[in-house]
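A short write-up of the structure that comes next.
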Amino acid sequence: MHRRIAPAALTLTAVIAVTGCGGAAPGDSSTQPGANSSSAPAATATAAKTYSNEDLTSIVSGLKDAQGQSLTVVPAAQIDQGLIAARELLKTAVITPKACAVLADNNSQVPEGSTYAAGASLAAKAKTATIVTVFAVKDAAVMAEQFGKSDGAVGNCSTFTVELEGQKITSDMKPIEADVQADRSLGALTVQTLPTGQKQAMVTVTGVKGTLAATAVKSGAVNAVTAASAPELVQLVNAALAAG
């Protein structure tokens, strides 16, 4: 039996991941941008493969976490609502340095005609959550462009803050190794300091293959989520891309 996962937390992390390339969002990274990025030589041009939401949901449904637990699929409507809410929040957010705003912009802007699906699992004992998002666009060049924007901003965003309605979150990000079987990949460990002073950690791994991107994010307490969490996320990303 699947444990029920808090909708708010699940939606937030799924939205962070929905852009796929860099820390958490479509063909791009999230506010925890990817760090170690790798890029394989371009393959001979072939007709781009397309994916429906149902195709991507099927991929997510077939994934299992490190404990062998199947992921719980996040309803598409829930992700859509989260993206709308994220765009509204970002209208008044102050991001410092300003160069890091591109990461947030990429996270909330989904290219027209794109498709996506997400799934989650919760480790109750360790109090960690794992979210996997698969995201597809019609044109591989769009994916590459979004990935490039996030990758280019990473150098300026090892430390950045997001202030919203008087509340400030400070994020410290560092690159981690992520041996993803993909055309391009990113890996990052981000430690966020919340307005309460509490710290939480996120490890993000993203892989891009043609028009398809997969992002896995693990979040939790700093002693429960470390760079050592990356291999299990790499396995999830590799499995998602292989299924596509």
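The values are calculated or read from the model by the stated rules, or taken from the named source; none is laboratory data. Everything numeric here is computed off the predicted structure, so don't read it as measured data. Cβ: placed from backbone, ideal geometry, glycine included. Neighbour counts: every protein chain shown.
Points to keep in mind about this one:
- Criterion applied to Ala144, Ala140, Ala129 was being farther than 23 Å from Glu232 by Cβ, touching a Ser or Thr at 6+ places or on another chain (Cβ under 7 Å) and not hydroxyl-bearing (Ser, Thr, Tyr), and the one residue passing it is Ala140.
- Filtering segment 130-152 to residues that are crowded, with 19+ Cβ neighbours inside 10 Å, at pLDDT 85 or above and farther than 15 Å from Val205 by Cβ leaves Ala136, Val137.
- Strands (runs of 3 or more DSSP E) lying entirely in segment 175-244 (those with 3 or more residues that are β-branched (Val, Ile, Thr) and in contact (Cβ under 8 Å) with a residue 40 or more places away in the chain): 199-209
- Restricting attention to segment 161-174 and to residues that are without any contact (Cβ under 8 Å) to a residue 60 or more places away in the chain, farther than 15 Å from Thr226 by Cα and not basic (Lys, Arg), the residue that is surrounded by the fewest Cβ atoms within 10 Å (Cβ to Cβ) turns out to be Gly166.
- Hey, Ser52 modelled with pLDDT of 95 or more and not aliphatic (A, V, I, L, M) or not: no
- The test for being crowded, with 17+ Cβ neighbours inside 10 Å and either under 21 Å from Phe147 (Cα atoms) or among the small types (Gly, Ala, Ser) (or both) does not hold for Ala242.
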